[in-house]
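Below is one structure, written out as structure tokens; the observations come after it.
What follows draws every value from the coordinates through simple rules; no lab data is involved. These numbers were taken from a predicted model, which means no experiment stands behind them. Methodologically, a virtual Cβ is constructed for each residue, glycine included, from the backbone with ideal geometry; neighbour enumeration extends over all protein chains shown.
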Amino acid sequence: MATIPSTTTAGRIVTLDVIRGVAVMGIFSVNVVGFAMVEAAYFHPPTWGFDGLADRLMWFANFVLIDGKMRSLFSILFGASMLLVAERAEAGGESPAAVHYRRMAVLLLFGLAHFYLLWFGDILTSYAIVGMAVFLFWRLNALSLAAFAVTAYIFAFASSLADAAWMRRAVEILASGQGTSAELAAARGTVHFLAPDKAAIAHDLAVHQNFGAYVREMTGPRAMEPFETVRALWPETLALMLVGMAGYRSGFLTGSWSRATYRRIALFGIGGGAAVSMVLAIVVWSSGFALPLTMIALETWSMPVHPVMALGYAALIVLAIQEREALTQRLAAVGRAAFTNYLGTSLLATFIFNGWGLGLYDRLSRAECWLLAPLFWMLMLLWSKPWLDRFRYGPFEWLWRSFSRGALQPMRKKPSTAVREREKLKSARSPGC
């Protein structure tokens, strides 16, 4: 079979699109818990929907293979795509800075709307704000980008260790009842978030039953939360975006390295990372999912594993798409429409779970709600390619591009363009020399 070319007739880099597609699909595997039940259950499973063995096994599989890894992969691809957009803007005679900052400003508006109207777990706000800063590095070479990425990640891990120390201290303060009034108040806030009482759970349930109540909650008491999340996550997000920029500039994410190197990275990254994650998961399970151990294992101890496994997955995907197959084309289309797929899953999931839709919020266990993940993956694979065979962009990509450029962009492909792309794909599937 003919090997896959690095770009399509539309100038798309296939490896980037496929990796992005896998990442956005994988993210929903863990995000579904955040849509389906009380927020604290995402960080501390026993809070809700965690009574059966299937719930524990689903947590175990996601913790080892998905949680944090796919978000890292998505962040890496965001950095790579940002660099690609800047380079293409410069090649087209535009100002890379002007194009970039317009895109980030519009993305920030989308992110805030996503948080205030749909879901607390928005990552777009962080991407927009951190993306404004990371652009300052875009002209650096791959080695310099990698060096800054490692430095930023070490800083992020050190910050997470400090947060972990406070969580331990908070649990100790509440257990002993000793501490200043300020310490006791702060400790209650921390532990109450991870292990809410019945009143807090009842409030959360009520908020998710009425759209107006939800918007009032998110734009009132929680209005500053998107920016607080940025403050907490910016070092890690910055580091991962820099990894993506280095991966693109070095050719790693575009499939330019040797197959032997990709195999070694995939084996070490996935195998070694999964082994470490499995040990952490066993420790947490053996503790009875105790606090603060569970939260610290998820947010701190597993941090060094996330980018390692993400790069391992990227290497494996590059190896897997050397042959042009139907699934490769479907995954590439999911990646080309990743913005729409990300926001689209939020729209559909909130309709399924919240009271202004089907009202299944807090009614399913962890394992039961996860069964929606394969259905969402199937939807992404089914709609993305037929849509992009006819249109230039996904619906939200089109809005993002149009708002960024201050004018409606052409949406429907010219018939001749669509025909040429189909012929190109048909030729790539034909036996080659």
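Of the residues making up the stretch 137-150, those that are of a type in the set (A, V, I, L, M) and either surrounded by fewer than 18 Cβ atoms within 10 Å (Cβ to Cβ) or not in a helix (DSSP H, G or I) (or both) number 5. All of ALA206, ALA213, ALA162, ALA182 fail the test of being more than 20 Å from SER126 (Cβ to Cβ), free of Cβ contacts under 8 Å to residues at least 12 places away in the same chain and out of contact with any helix residue (DSSP H, G or I) (no Cβ under 9 Å at 6 or more places or on another chain), apart from ALA182. Restricting to the stretch 72-105, and then to whatever is in contact with a helix residue (DSSP H, G or I) (Cβ under 6 Å, 6 or more places away or on another chain), of a type outside the set (A, V, I, L, M, F, W, C) and closer than 19 Å to PHE252 by Cβ, can you tell me which residue is surrounded by the most Cβ atoms within 10 Å (Cβ to Cβ)? Result: GLY79. Contact map, the stretch 240-259: first residue farther than 11 Å from ALA314 by Cβ, second residue assigned to a helix (DSSP H, G or I) and acidic (Asp, Glu), Cβ cut-off under 7 Å, separation 6 or more or different chains; the map is empty. With respect to ALA275, is the statement that it is touching a residue at least 40 places away in the same chain (Cβ under 8 Å) and either in a helix (DSSP H, G or I) or surrounded by 20 or more Cβ atoms within 10 Å (Cβ to Cβ) (or both) true? Against the criterion (touching a residue at least 40 places away in the same chain (Cβ under 8 Å) and either in a helix (DSSP H, G or I) or surrounded by 20 or more Cβ atoms within 10 Å (Cβ to Cβ) (or both)), ALA275 does not qualify.
Of (1) surrounded by 15 or more Cβ atoms within 10 Å (Cβ to Cβ); (2) of a type outside the set (Phe, Trp, Tyr); (3) within 21 Å of the chain's Cα centre (by Cα), GLU228 satisfies all except one. Which? All conditions pass for GLU228, except number (1). Taking the criterion of being without any contact (Cβ under 8 Å) to a residue 12 or more places away in the chain and either of a type in the set (Lys, Arg) or outside any helix (DSSP H, G or I) (or both), the residues of the stretch 189-203 that qualify are ASP197, LYS198.
Taking the listed residues LEU117, LEU184, LEU205, the one that is under 22 Å from the mean Cα position of the chain (by Cα), aliphatic (A, V, I, L, M), more than 30 Å from GLY247 (Cβ to Cβ) and surrounded by fewer than 20 Cβ atoms within 10 Å (Cβ to Cβ) is LEU117, with no other qualifying. Scanning the stretch 151-181 for residues that are more than 28 Å from the chain's Cα centre (by Cα), among the small types (Gly, Ala, Ser) and buried (at least 16 other Cβ atoms within 10 Å of the Cβ) yields ALA170, GLY179. Among residues of the stretch 350-407 being basic (Lys, Arg) and over 21 Å from ALA338 (Cα atoms), the one that is surrounded by the most Cβ atoms within 10 Å (Cβ to Cβ) is ARG366. Here the helices (runs of 4 or more DSSP H) wholly within the stretch 25-94 that include at least 3 residues being closer than 30 Å to ALA202 by Cα are 40-43, 53-65.
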